[in-house]
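The values are calculated or read from the model by the stated rules, or taken from the named source; none is laboratory data. Keep in mind it's a predicted model, so treat the numbers as computed, not measured. Every residue, glycine among them, receives a Cβ derived from its backbone with ideal geometry; neighbour counts consider all protein chains shown. Ligands, DNA and RNA are excluded from the accessible area calculation, which covers all protein heavy atoms including side chains. Shrake-Rupley method; radii C 1.70, N 1.55, O 1.52, S 1.80 Å.
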Amino acid sequence: MVTLDITEKKDTRSGFGAGLLELGRNNSEVVALCADLTGSLKMDAFKKEFPERFFQAGIAEANMIGMAAGLATGGKIPFTGTFANFSTGRVYDQIRQSVAYSEKNVKICASHAGLTLGEDGATHQILEDLGMMKMLPNMVVINPCDYNQTKAATIAIAAHHGPVYLRFGRPKWPVFTDPNQKFEIGKAWTIQEGTDVTIIATGHLVWKSIEAAHALAAAGISVELINIHTIKPLDEEAVLRSVAKTGCVVTAEEHQRNGGLGESICGLLSRNKPAPVEFVAVNDSFGESGTPEELLDKYGLGTQNIVDAVHKVIARKNG
Amino acid sequence: MVHNVQSGHPGGSLGCAEFFTVLYHRIMEYTPKPFSMEGKNEDVFILSNGHISPVFYSTLAHAGFFDKEELNTFRKIDSRLQGHPATEEGLPGIRVATGSLGQGLSVAVGIALSKKLNNDPKSVFVLMGDGELEEGQNWEAIMFAAHNKVDNLIATVDFNGQQIDGSTEEIMGLTELRSKFEAFGWYVLDMKGNDIDAVYHGLVSAMDESRQGRPVVILMKTEMGHGVDFMMGSHEWHGIAPNDEQLASALAQNPETLGDY
């Protein structure tokens, strides 16, 4: 079990920046493109050390995605960086045709995803990106949960040949995963084993789920907590094995309920062995300005919301 | 091909036949077999206005990328010759899917950047439609290519003055296209696209002007449906197929193509 006395906090985007720099040093085919957000994406170090392999696209994301497809055609491994909103919705057709359908080895790296972007408000808080990206054939979709996992994921996706969407965020967040972890695409991480309920969490809400699991343990509820960092391809075996044991699920994600991880889990269970599922996700609304914690609480993504969802789903299972 | 499946885009294809022929048989240096996606140390071509796939596929077959027989599968089920160019079926000669307009120039710029990183001395060619220039992404790429001195890139605009809903002049005037490109920092050439000698000299001039610190664009004046009297100069033949009678009439006007489609 991950303990709650974690004091170190770092932003997941810095994990991306650190991973990209390490990749740059170890693989000369890795190139990076950014749309006028180099500092926000923590790509400065890569840019400074490898200026000839860094391309400033300006505020022109469509061209950035197309150029990345071209660089991949020429044998490079391009990493594009901008906010999640501009990495997906703004350039969906470019990704669909020039990257996904064309099977290009482009890594679309997206920061400031979800409500925890905070004060900039709903124009920038995309909550639909996982859904859009997981619908695209050929696309791998990854949403790591802390600095270390984001760094490991960044390094791992360079070794995967094909398009990848890597989503991370802005706020400083507890660092609780192993700094030397081996990141395996499509492989779930069982954080703790339990018997009463399975919580399946991704991204920033993994930490909230750890807090919830501690609160639930104090109330005598045994939680099996699974971190799904790879939304697609989904580790179906891990999910089915856990739910066969616990018989009910709470999913937790910083995303719309429509199209998110929870729907992927429900689809999987429906096709195999249905079980009651409760969603901790944004329910068909846009966000607003505020601090990350205020927003998570207001939109039902806080620790207490996960605890409540667990009580509800266990009652349904037993009802 | 288009008649065979009663589907496709004959007008724009016919207008660019001379361009494709000269580009693939007199200008570009490449290895058709085995086809290399990366195209290192080869000249590379991207068709941005993917709907003129008939002339592109025909050119690739004649250049040896695949057998001419396969042209008969165009737009049919299980074919590698998709309605618009695609890579998924593995058709040699195609490096990116195009069809949704405005994306090819960006991809071509990316390939040109990869060639520079690889110290690859060969060039990247891209063809765009004139109506396609209404897509904003082109202007992002045009700005980037000039700012970053992408001078191993030769773009050509198929300036036939037609788009689906009518003439470009009527739909969205491209007034002063030369000065638009020049203002962005490109070197601009004019070329008659339906005159094989003019196309050859135009492309040679463009090659001469490349690698001088700015991208090059050729404004290629063409006539949609060139060589077939009832198709020429009309947007009506953008995306419809000729019937038996029209095909016979078209082929009779171009006897050198008989039996070779």
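Restricting A:Val175, A:Val106 to those that are open to solvent by 10 Å² or more (accessible area, probe 1.4 Å), in contact with a helix residue (DSSP H, G or I) (Cβ under 8 Å, 6 or more places away or on another chain) and not basic (Lys, Arg) reduces the list to A:Val175. Inspection of the stretch B:102-110 finds no residue satisfying the criterion of being small (Gly, Ala, Ser), open to solvent by 10 Å² or more (accessible area, probe 1.4 Å) and touching a residue at least 12 places away in the same chain (Cβ under 8 Å).
Assessment of the stretch B:167-181 against the conditions (in contact with a Leu (Cβ under 8 Å, 6 or more places away or on another chain), part of a loop (DSSP other than H, G, I, E, B), more than 14 Å from chain A (Cβ to nearest Cβ) and surrounded by fewer than 21 Cβ atoms within 10 Å (Cβ to Cβ)) yields at least one matching residue.
Just to check your reading of the model, which residue among B:Lys68, B:Lys40 is of a type outside the set (Phe, Trp, Tyr) and more than 25 Å from B:Asp120 (Cα to Cα)?
Working: B:Lys40 fails: more than 25 Å from B:Asp120 (Cα to Cα).
Selected residue: B:Lys68, the only one of B:Lys68, B:Lys40 that is of a type outside the set (Phe, Trp, Tyr) and more than 25 Å from B:Asp120 (Cα to Cα).
Taken over the stretch A:265-295, residues that are surrounded by fewer than 23 Cβ atoms within 10 Å (Cβ to Cβ) and assigned to a helix (DSSP H, G or I) amount to 9.
Could you check the stretch A:7-27 and list, in sequence order, the residues that are part of a helix (DSSP H, G or I) and farther than 17 Å from A:Pro51 by Cβ? Within the stretch A:7-27, A:Thr12, A:Arg13, A:Ser14, A:Gly15, A:Phe16, A:Ala18, A:Gly19, A:Glu22, A:Asn26 meet the criteria. Which residue is surrounded by the fewest Cβ atoms within 10 Å (Cβ to Cβ), if the candidates are limited to the stretch B:66-92 and must be within 16 Å of B:Gln6 (Cα to Cα) and within 14 Å of chain A (Cβ to nearest Cβ)? Here the answer is B:Gly83.
For the stretch A:47-61, a tally of residues being crowded, with 24+ Cβ neighbours inside 10 Å and either acidic (Asp, Glu) or under 22 Å from the mean Cα position of the chain (by Cα) (or both) returns 1. Here the condition is being modelled with pLDDT of 95 or more and either part of a strand (DSSP E or B) or within 26 Å of A:Ala35 (Cβ to Cβ) (or both); of B:Ala141, B:Ala198, it holds for B:Ala141 alone.
What number of residues within the stretch A:131-161 are hydrophobic (A, V, I, L, M, F, W, C) and in a helix (DSSP H, G or I)?
Qualifying residue count for the region: 8.
The residue that is farthest from the other protein chains (Cβ to nearest Cβ), among those in the stretch B:39-57 that are in a helix (DSSP H, G or I) and in contact with a Leu (Cβ under 6 Å, 6 or more places away or on another chain), is B:Tyr57. From the list A:Ala72, A:Ala100, A:Ala68, the one residue that fits, being part of a helix (DSSP H, G or I), closer than 27 Å to A:Asn26 by Cα and within 7 Å of chain B (Cβ to nearest Cβ), is A:Ala68.
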